[in-house]
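The structure under discussion appears below in the form of structure tokens.
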Amino acid sequence: MARLHERERTPREREGSPWTGLGAVLAKEMADHLTSARMFILEILIVLTAVGTVYAALQGIRSGGQTKFLFLRLFTTAREPLPAFIGFLGFLVPLIAIAMAFDAINDEFNRRTISRVLAQPIYRDALLMGKFLAGLFTLAVVFSAIWLLIFGLGILGLGVPPTGEETARALWFLLVTIFYGGIWMSLAMTYSIIFRSPATAALASIATWLFFTVFWDMVVGLVVRLFQPAQVFSLEQALQLAQLELNLARFSPNTLFAEATIILLRPSVRSLGIVLPIQLDRALLGSPLPLSQSLVLIWPHLTGLIAVTILLFVVGYVLFQRREIRA
Amino acid sequence: MSETVIETRNLTKKYGDFVAVDNLNLRIQKGEVFGLLGPNGAGKTTTLLMLLGLSEPTAGEVRVLGLDPARQPLSVKARVGYLPDQIGFYDDLTARENLIYIAKLNGIPRHEIPGRVDDVLARVGLSDVADHRVRTFSRGMRQRLGLADVLIKRPQLIIMDEPTQGLDPELAQQFLRMIRDLKEEEITILISSHLLDQVQAVCDRVGLFHRGRMVLEGTVPELGRKVLGGAYRIRLRARGKEDAILEALQSLPGAVRAQRAASDLYEIEAESDVRSEAAAAVVKAGGKLFALDIEAQNLNDIYARYFEEVKHGPVA
Ligand SMILES: Nc1ncnc2c1ncn2[C@@H]1O[C@H](COP(=O)(O)OP(=O)(O)O)[C@@H](O)[C@H]1O
Ligand SMILES: [Mg+2]
């Protein structure tokens, strides 16, 4: 409780750059991630998932007779009993991101390395940022490798190279996936500052993820019902309610990721949300959207994911700056 | 001539209403080994954290090597080595890897790092286990690695918090000797400890802490004189005419008191080390000298006596 009174005065002009030492932290943390047993297990898991789903998807694609965007279908084609690769990504990405960050800071306290590290000429900023970026880069390395693997399997299985458009869309999807991981990573890292015990931080991260995965839809449903008028209501009102429901659902990073994924990987999906028959006139259903138009559609999603990541990081940053370093 | 390395003026740290450090005025000169001593919870660690800029003072001023740790933390931490109490390492990395990380954080040029790492490992006697994981290290080895970790940045000032805690007496003495050797290199050293008698031998000067206040400060003999009166206690064994010997000892210049403790055992309290004079006096009085030794000042006694006096004496 006394910690509440522990308040660093607003830093006056601070000497030097807050990023002094960032490179050293980044290099060490990335080496830790890439050699850790934890990461090895996760990598095996995701490679198996990729190979399994892509193999199944290849069979589906061969028998399906479709000819357009075959490589993108590798990600999205489900074949009983396996869901599509993107279905797995929805929980593999948060799992990996959380696994990399839930003990980022509290472990330094528990090992009593924090005071030794912060007694070196660096700011806390560099330690926190270094750890975050190391996690993000590791995520980028792992998923880039997976993407290459999938494309490799695709070339072997389909016998044709991917088109430029497919490659571009897959790269954007890779970017969105990494940012989606960024959210969960900065959440887990913030919990690792709040909770002294890594187990508690991991649990809190998983609980938050479960909340958005399982319960958020229910919460949205309840809220929407509150707004529903008791009397018979007009089409206009129904539309408004549907829009409200959609907007609320988008508070969940899972929704943002799912929508962005669909737009990027299914070029024929031309709109997000409610499509009225009248709008269909203008857009022939099934004619694919150019990449630039798809990007316009998901731009808010992308910025939303990044904004939330930054917000969570800032919360953790402020808490960490105020924390007394007494190991 | 002598430069001030650490200076604090009315340095105060409060946790809510609790005053952990109370108006501390401290001045440590270059090349000194200063002992910040006192029981657990006296405020020693809090003081050290403020010197390093790891904790913000509630009031007062700090200058370390002429710098303000709150405003120029990077400059201060680049020049000051800190050995925290219960030091931790990355257990999965080797001793060498741990040191390389610290060297990089200090911005030591890449090509210098391997040489410096080998240097400091050799100095603390860990060259043989440089590539072993720290997980396998004993408490004593960890402490020496901690010293290597501090030395790698070639500090002008080293701050150590409870450096002998958890070491057995022999290892503790060995570690203190290492610390003492650093003095040769003009490195200023500040040691905090609650084991008063253990570290007193390596300290040029000590400050005794009690409930956030520094109650006594000076060299050990100075404090002994101030608190215990006669500062030197000399014991000798001699045979011969008892009255003559006692009289000779009592009339020694500098002797405050001399008495016979047992048949051939004499005790002298003196203001200075009068061992050779005492030996001469015994021989002159026709006695035979068998043993002579001086009882070192004991900080524990000084500390205990001081608080007895504070409690019972006229001064509050
Ligand atoms: N974050 C904190 N909040 C409240 N009290 C604290 C905090 N840190 C230390 N203290 C109190 O300050 C006092 C001095 O602690 P410390 O400097 O660690 O003592 P020492 O190092 O001499 O054993 C102790 O009584 C301790 O309980
Ligand atoms: Mg302490």
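The values are calculated or read from the model by the stated rules, or taken from the named source; none is laboratory data. All figures in this text were calculated on a predicted structure; none of them were measured in a lab. As a convention, Cβ positions derive from the backbone with ideal geometry for all residues, glycine included, and neighbour counts pool all protein chains shown. Surface accessibility is based on the protein's heavy atoms, side chains included, excluding ligands, DNA and RNA. Shrake-Rupley method; radii C 1.70, N 1.55, O 1.52, S 1.80 Å.
Here are the numbers for the structure shown:
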item: Any chance A:A104 is within 14 Å of chain B (Cβ to nearest Cβ), of a type in the set (G, A, S) and outside any helix (DSSP H, G or I); result: yes
item: Filter result (surrounded by fewer than 21 Cβ atoms within 10 Å (Cβ to Cβ) and more than 10 Å from ligand 1 (Cβ to nearest atom)) within region B:1-16; result: B:M1, B:S2, B:E3, B:T4, B:E7, B:R9, B:N10, B:T12
item: Among the candidates B:L51, B:L65, residue that is closer than 18 Å to B:I187 by Cβ, in contact (Cβ under 8 Å) with a residue 24 or more places away in the chain and within 16 Å of ligand 2 (Cβ to nearest atom); result: B:L51
item: Which listed residue, of A:L241, A:L265, A:L256, is surrounded by fewer than 17 Cβ atoms within 10 Å (Cβ to Cβ) and either modelled with pLDDT under 85 or at negative phi (or both); result: A:L241
item: Set B:E56, B:E112: member being within 15 Å of ligand 1 (Cβ to nearest atom), charged (D, E, K, R) and either open to solvent by 20 Å² or more (accessible area, probe 1.4 Å) or modelled with pLDDT under 95 (or both); result: B:E56
item: Enumeration of residues in region A:107-125 that are in contact with a Lys or Arg (Cβ under 8 Å, 6 or more places away or on another chain), within 7 Å of chain B (Cβ to nearest Cβ) and of a type in the set (S, T, N, Q); result: A:S115, A:Q120
item: Region B:169-196 residues that are within 25 Å of B:I302 (Cβ to Cβ) and in contact (Cβ under 8 Å) with a residue 24 or more places away in the chain, paired with ones that are among the basic types (K, R) and open to solvent by 70 Å² or more (accessible area, probe 1.4 Å) (beta carbon under 7 Å, 6 or more apart); result: B:T188/B:K30
item: Residues of region B:157-192 satisfying the condition of being in a helix (DSSP H, G or I) and surrounded by 16 or more Cβ atoms within 10 Å (Cβ to Cβ); result: B:L171, B:A172, B:Q174, B:F175, B:L176, B:M178, B:I179, B:L182
item: Residue tally, condition part of a loop (DSSP other than H, G, I, E, B) and either under 16 Å from the mean Cα position of the chain (by Cα) or more than 13 Å from ligand 2 (Cβ to nearest atom) (or both), over region B:18-42; result: 7
item: Qualifying positions in region A:88-142 - of a type in the set (A, V, I, L, M), under 30 Å from B:L67 (Cα atoms) and in contact (Cβ under 8 Å) with a residue 60 or more places away in the chain; result: A:I105, A:I114, A:L118, A:I122, A:A126, A:L127, A:L128, A:M129
item: Matching option when the condition is within 24 Å of A:L171 (Cα to Cα) and assigned to a loop (DSSP other than H, G, I, E, B), among A:Q120, A:Q66; result: A:Q66
item: Subset of region A:185-232 (residues that are under 21 Å from the mean Cα position of the chain (by Cα) and of a type in the set (G, A, S)); result: A:S186, A:A188, A:S192, A:A201, A:A202, A:A204, A:S205, A:A207
item: Residue that is surrounded by the most Cβ atoms within 10 Å (Cβ to Cβ), among those in region B:63-97 that are in a helix (DSSP H, G or I), within 9 Å of chain A (Cβ to nearest Cβ) and not aliphatic (A, V, I, L, M); result: B:K77
item: The listed residue being within 15 Å of B:V64 (Cα to Cα), crowded, with 16+ Cβ neighbours inside 10 Å and either touching a residue at least 60 places away in the same chain (Cβ under 8 Å) or more than 9 Å from ligand 1 (Cβ to nearest atom) (or both), out of B:G43, B:G31; result: B:G31
item: Condition broken by A:P83, with the remaining ones in (1) touching a residue at least 60 places away in the same chain (Cβ under 8 Å); (2) surrounded by fewer than 18 Cβ atoms within 10 Å (Cβ to Cβ); (3) not hydrophobic (A, V, I, L, M, F, W, C) satisfied; result: (1)
